[in-house]
Amino acid sequence: MTRRLSLLLAAVSLAAAGTLVLGHEGARADNPTLIATVGTNDGFDIGLADSNGVPVTRIPPGTYDFVVRDRSTAHNFHLASNEDPTVDFRTELDFVGEMTFTATLKDDTRYAYACEPHWQTMNGEFFITSRPVTPPPPKPVAPPTVRAGVTANGKAFVAARSVRAGRYRLVVRDRSSRANFHFVGRGVNRRTGMRFRGTTAWTVRLTRGMYRFGSDPAPLASRLRVR
């Protein structure tokens, strides 16, 4: 951004070619308003927001009224584009107050703004596009957790007696160095090692029916019902 902005400010002309500059009272009421703010309390702040105060990053093409609130003689606001030479306007360094500029922004075009004396740190950009924003893909829902394990004296257990069919995260805590935890049923056959002690987690899909669990080599006599 910084390199592009420096090239932009070096390349654009000083005149606002094709851009209509108006006093605040002359702005057309039917144009969307964008509000630029720079140098509040002589601070190094610069920004561009819509009429609701939402920062501008991506907006549709069209004609906009830019209300520039320049609050410092140490800073100014300059907006231009390497891709669209018809838009180029600024406030002067010694100006403090509010000015309105009207500009028509083109589709598929990037615009940048900066304080000219401090463009390296006081800058921003936004993109004009008529394409709708593609929503991000939904985040995967974590499966519910079922706790299970083996006690220190070798007794295998599952914390639930029955569950509904679906995906689960089976969290197994094995506290015995002589017994393991073995869980088996339709589509599932998982076990911890006989000498394993610790906690592990398995993602399993359980279907309707009975699942057996216990410790090897004894028969897996305990049951989990999946309904």
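The values are calculated or read from the model by the stated rules, or taken from the named source; none is laboratory data. Predicted model only: the values in this text are computed from it and were never measured. With ideal geometry, Cβ positions are generated from the backbone for all residues, glycine too; neighbour counts draw on all protein chains shown. Just so you know, the surface numbers come from the protein's heavy atoms only, side chains and all, with ligands and any DNA or RNA stripped out. Shrake-Rupley method; radii C 1.70, N 1.55, O 1.52, S 1.80 Å.
Tell me, what % of the accessible area of the chain is carbon and sulfur with a 1.4 angstrom probe?
Answer for the chain: carbon and sulfur cover 52 percent of the accessible area.
Once you charge only the Cβ atoms, +1 for Lys and Arg and -1 for Asp and Glu, what is the size of the charge dipole of the stretch 71-146 about its Cα centre, to the nearest 20 debye? Mind showing how you got there, number by number?
Details: 6 positive and 10 negative charges, 96 e Å.
In total the dipole reaches around 460 debye.
With just the Cα atoms defining each centre, how far is the stretch 60-80 from the stretch 114-133? Give it in Å.
When both Cα centres are located, 11 Å separates them.
Can you work out the accessible area per residue across the stretch 102-168, with the rest of the protein chains kept in place, probe 1.4 Å, in square angstrom?
I get 61 Å² per residue for the stretch 102-168.
Projecting each Cα onto the charge dipole of the chain (Lys/Arg +1, Asp/Glu -1 at the beta carbon, about the Cα centre), which of G193, A112, L220 comes out farthest on the positive side?
L220
State the extension gain, in nm to one decimal, for the chain segment bounded by V133 and A165, taking 0.36 nm per residue of separation less the distance between their alpha-carbons.
Full-extension gain reported as 7.8 nm.
Just the number, please: percent antiparallel of the DSSP beta bridges in the chain, rounded to the nearest 5.
Counting DSSP beta bridges with both partners in the chain, the antiparallel share is about 75 percent.
Cα-based Rg (one decimal) and Dmax (whole number) for the chain, in Å?
32.5, 89
At T63 and R175, where each label point lies 7 Å from the Cα along Cα→Cβ, what is the point-to-point distance in nanometres?
7.7
Between 0 and 90 degrees, rounded to the nearest ten: what's the tilt of helix 2-11 against the longest Cα principal axis of the chain?
The angle comes out at about 20 degrees.
Taking +1 at the Cβ of each Lys and Arg and -1 at the Cβ of each Asp and Glu, which of V56, F89, T37 sits farthest along the dipole of the chain towards its positive end, judged by Cα position relative to the Cα centre?
Of the listed residues, the answer is V56.
If each DSSP helix of 4+ residues adds -39,500 (n - 2.57) and the sum is divided by the residues in the chain, what number results at 222 nm, nearest 500 deg cm²/dmol?
Taking each H run of at least 4 residues, the total per residue is -1500 deg cm²/dmol.
Among DSSP bridges having both ends in the stretch 96-227, what percentage is antiparallel? Round to the nearest 5.
Looking only at bridges with both residues in the stretch 96-227, the antiparallel portion is about 80 percent.
Counting alpha carbon pairs within less than 8 Å and at least 6 residues apart, what relative contact order, in whole percent, applies to the chain?
On the way: 557 pairs, mean separation 34.9, N = 227.
Relative CO of the chain lands at 15 percent.
Name the residue from G166, V133, A156 whose Cα lies farthest towards the positive end of the charge dipole of the stretch 125-184, charges +1 on Cβ of Lys and Arg and -1 on Cβ of Asp and Glu.
A156
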